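The values are calculated or read from the model by the stated rules, or taken from the named source; none is laboratory data. Keep in mind the model is a prediction, meaning the values are calculated, not measured. Here Cβ is always computed from backbone atoms with ideal geometry, including for glycine, and neighbour counts include all displayed protein chains.
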Amino acid sequence: MLNDKLVRWLSRQVPTSGINSDIGMPVTLATDIGLTRTENQDRVALMRVNTSSSKGQTFFVAAVADGMGGMQDGAMCATKTLAAFFNSLVRNRQKSPSERLKIAAEDANTAVYEYCKGKGGATLSAILVTADQGVWTVNVGDSRIYASMADTAKEKVTRLTVDDSLEEVAGGQDRGLLQFIGIGFGLLAHVKIVPVDAERILITSDGVHFIRHETLCDTFFQTLEHRQAAARLTALAKWNGAPDNASLVVLSISELINSISEREDSGIELWDPFGALHIMWVKQEQFDAIDFTEPAHPRLADVNKLNSPAHRRMIFRDGENGRIIPGNRPAEQIPFEQLSTYPPKDNLVAVDESAGNKKEASSRRTKNPKKEKSPRTSKRPNLKNRGAQLSIEVDTDSDQTENLNNKGGEKDESSK
């Protein structure tokens, strides 16, 4: 159920490029379609799971999935990758972080493989942040995770992942992927713990990798403001031709850990470069107390059961012959027992739309009813449509003839 909701949300109509730092936490999410592609097949998202200690601990997970454009339906493969990955992390939140990430990557692989039967896939790079169980990464494919280290470290920026390509695994020249989410049986996700001296994290899709490694690391290390760092790296990717979609996540580990204890409500919160989704968990006792019955609606009478006194005047519409009968009280509910099958003999307004025009006939009470009889232009209600619902309305002025438009429901009070 959660998986389906995530798929719908991640595949909604959004712009081709966006950046989101209005999250209330030290995280920025960004994506850009680039200058060559006609579709943005990257998916980037952040999820926060708030839960009670008895059912696992609160955690954050940020992930980037890059749909493989040369294969079948890369955008949906990336969507299903993140949806299945996040859903699995929620379901297995009581397990250890490393076990959770391995299971989640396998579940994502299964979901994408079932969708496209090995003819499509996506990369996956994600980081899991917990309060007291460390910070962990998982990687499949050629998306990457970088860490900005403390000043005492030898390297300012360290790459925490290795691409699943012949070029990096075996030293060859082929950049083709050895494995990806959706490959099917035999997936081996790379799960590692983040060094304790890591301060900030950068997750990128391969569209960012066209920036020279030194330039990318210097820009990330020198730009401390997260949104500005994301904007600069996206701009650098465009300056280098932007032949592919470029997506990234920038976050601060220590500040993110500190924000875990700030909220006590239970639920799931998600963000992407274009918006947010909040899903609340309801305790069982609260769920049982919710009234799921439909709200009380006016009881609509069937035309063959109307049997009130004739002096009670009302309005109802018969959907088949379009007849309208006026009433004498403001809008209120008329009890079923007070409705009548027959219209009153006075103040009758009949509307005939069968020939494309409307005919109105009205009569009023006179001092000498014997000399002037009211013309009767309506017939008995057509009882063939016994299930027809009637719209009940009431009017306050008994001496006023109303012209009602049966189609638009508008009243013309010009005639008196």
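General observations
- The listed residue being surrounded by fewer than 16 Cβ atoms within 10 Å (Cβ to Cβ), polar (S, T, N, Q) and either within 18 Å of the chain's Cα centre (by Cα) or closer than 21 Å to Arg232 by Cα (or both), out of Ser11, Ser21: Ser11
- Failed item, numbered, when Pro97 is tested on (1) of a type outside the set (Lys, Arg); (2) crowded, with 24+ Cβ neighbours inside 10 Å; (3) closer than 26 Å to Ala276 by Cβ: (2)
- Condition check for Lys80: surrounded by fewer than 24 Cβ atoms within 10 Å (Cβ to Cβ), in contact with a Gly (Cβ under 9 Å, 6 or more places away or on another chain), in the same structural domain as Asp142 (by TED's automatic domain parsing) and within 28 Å of Gln133 (Cα to Cα): no
- Filtered residue count, segment 107-143, keeping only those that are in a loop (DSSP other than H, G, I, E, B) and polar (S, T, N, Q): 3
- Scanning segment 231-282 for residues that are under 22 Å from Val208 (Cβ atoms), among the β-branched types (Val, Ile, Thr) and free of Cβ contacts under 8 Å to residues at least 24 places away in the same chain yields no hits at all.
For (1) modelled with pLDDT of 95 or more; (2) of a type in the set (Asp, Glu); (3) within 25 Å of Leu160 (Cβ to Cβ); (4) not assigned by TED's automatic domain parsing to the domain that holds Leu202, each residue gets a yes or a no:
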position	(1), (2), (3), (4)
Arg37	no, no, no, no
Asp42	yes, yes, yes, no
Asn50	no, no, no, no
Thr58	no, no, yes, no
Phe85	yes, no, yes, no
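- The strands (runs of 3 or more DSSP E) located wholly in segment 10-65 that include 2 or more residues which are within 23 Å of Ser266 (Cβ to Cβ) and not charged (D, E, K, R) occupy 42-50.
- Qualifying residue in segment 219-231 (condition: at pLDDT 95 or above, among the polar types (S, T, N, Q) and surrounded by 21 or more Cβ atoms within 10 Å (Cβ to Cβ)): no
- Against the numbered list (1) more than 19 Å from the chain's Cα centre (by Cα); (2) within 17 Å of Ile203 (Cα to Cα), Gly34 comes up short only at (2).
- Asp265 being under 29 Å from the mean Cα position of the chain (by Cα), modelled with pLDDT of 55 or more and farther than 25 Å from Arg48 by Cβ: no
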